[in-house]
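Participant: Below is the structure I would like to discuss, written out as C-alpha cells.
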C-alpha cells in the first residue's frame, strides 16, 4: 500500500480500508513523513499525519521512498549526473529537505518560505549550511559559492 500526498481522498473510510490491508500483512510504503504543507489557505495536514496513525495502529513502520530517504537523493544525483559535493538542495522543510540532503553530502539551504516555521527551525536536529529569507536570495548565494 502506497501513501503519497494528503487530499480529499484521505477520508475516514479510506484510512480504515488501508488499516484493514495492513492488518492482513500489506507493506506500508510512503512518499514522505511530512506532517503539514502550505496551501493557498495556509498550513494544512499532509500525509505524514495520517501515516503516523496508520503506523501506530497497525504496529508497522512505513518504508519511505521519497525525502528523506538516502535512496531518494542518490537517485536524483544519478539522474542529474551530479556529485553530492557540488549539489545544492534548497527546501522549506529543515528535516526532510535540508538536513537529509546534508547527510548525503549535499549543501543544504533552508528558505524561510512555504511551510517554514521558526519553531521547527529552532527544534531541528542540526543546522543548515545556509538560511535564506526567500528563494530570491539563491542566485547571490550561488555566486558567492563559485
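The values are calculated or read from the model by the stated rules, or taken from the named source; none is laboratory data. On a predicted model such as this, the values are computed, not experimentally measured, just so you know. Note: ideal-geometry Cβ built from the backbone for every residue, glycine included; neighbour counts use all protein chains shown.
Participant: Here are some conditions: (1) outside any loop (DSSP other than H, G, I, E, B); (2) touching a strand residue (DSSP E or B) at 6+ places or on another chain (Cβ under 6 Å); (3) farther than 27 Å from residue 3 by Cα. Residue 128 meets all but one. Which one does it not meet?
Facilitator: (1)
Participant: Hey, does the stretch 84-91 have a residue that's free of Cβ contacts under 8 Å to residues at least 40 places away in the same chain and either in contact with a strand residue (DSSP E or B) (Cβ under 6 Å, 6 or more places away or on another chain) or not assigned by TED's automatic domain parsing to the domain that holds residue 141 (or both)? Let's see the steps before the verdict.
Facilitator: Filtering the stretch 84-91 for residues free of Cβ contacts under 8 Å to residues at least 40 places away in the same chain gives 84-87, 89, 91.
In the following step, the residues that additionally are either in contact with a strand residue (DSSP E or B) (Cβ under 6 Å, 6 or more places away or on another chain) or not assigned by TED's automatic domain parsing to the domain that holds residue 141 (or both) were identified as 89.
Yes, the stretch 84-91 contains at least one residue that is free of Cβ contacts under 8 Å to residues at least 40 places away in the same chain and either in contact with a strand residue (DSSP E or B) (Cβ under 6 Å, 6 or more places away or on another chain) or not assigned by TED's automatic domain parsing to the domain that holds residue 141 (or both).
Participant: Can you name every residue in the stretch 11-35 that is closer than 25 Å to residue 97 by Cβ and buried (at least 18 other Cβ atoms within 10 Å of the Cβ)?
Facilitator: Initial filter on the stretch 11-35 (closer than 25 Å to residue 97 by Cβ): 28-35.
Answer for the stretch 11-35, where residues must be closer than 25 Å to residue 97 by Cβ and buried (at least 18 other Cβ atoms within 10 Å of the Cβ): 28, 30, 31, 32, 33, 34, 35.
Participant: Output the number of residues of the stretch 59-88 satisfying the condition of being surrounded by 14 or more Cβ atoms within 10 Å (Cβ to Cβ), in a helix (DSSP H, G or I) and within 15 Å of the chain's Cα centre (by Cα).
Facilitator: Restricting attention to the stretch 59-88, the residues satisfying the condition of being surrounded by 14 or more Cβ atoms within 10 Å (Cβ to Cβ) are 60, 62, 64-69, 72-73, 76-77, 84, 87-88.
Okay, now just the ones that are also in a helix (DSSP H, G or I), so 72-73, 76-77, 84.
Now drop any that are not within 15 Å of the chain's Cα centre (by Cα), which leaves 72-73, 76.
Total satisfying the criteria: 3.
Participant: Condition first: within 16 Å of residue 36 (Cβ to Cβ) and part of a helix (DSSP H, G or I). Now tell me which residues in the stretch 93-107 satisfy that.
Facilitator: As a first pass, look at the stretch 93-107 and keep what is within 16 Å of residue 36 (Cβ to Cβ): 93-97.
Within the stretch 93-107, 94, 95, 96, 97 qualify.
Participant: Turning to a different aspect of this structure: If you take the residues of the stretch 110-128 that are out of contact with any helix residue (DSSP H, G or I) (no Cβ under 7 Å at 6 or more places or on another chain) and farther than 20 Å from residue 42 by Cβ, which of them is surrounded by the fewest Cβ atoms within 10 Å (Cβ to Cβ)? Reasoning before the result, please.
Facilitator: Of all residues in the stretch 110-128, those out of contact with any helix residue (DSSP H, G or I) (no Cβ under 7 Å at 6 or more places or on another chain) come to 112, 114-119, 122-123, 127.
Imposing the further condition that a residue be farther than 20 Å from residue 42 by Cβ reduces the set to 122-123, 127.
On the way: 122: 8, 123: 10, 127: 14.
So, considering only residues that are out of contact with any helix residue (DSSP H, G or I) (no Cβ under 7 Å at 6 or more places or on another chain) and farther than 20 Å from residue 42 by Cβ, the one surrounded by the fewest Cβ atoms within 10 Å (Cβ to Cβ) is 122.
Participant: Looking for whichever is modelled with pLDDT under 95, in a strand (DSSP E or B) and closer than 30 Å to residue 137 by Cα here; the options are 43, 110. Which one fits?
Facilitator: Result of the check over 43, 110: 43.
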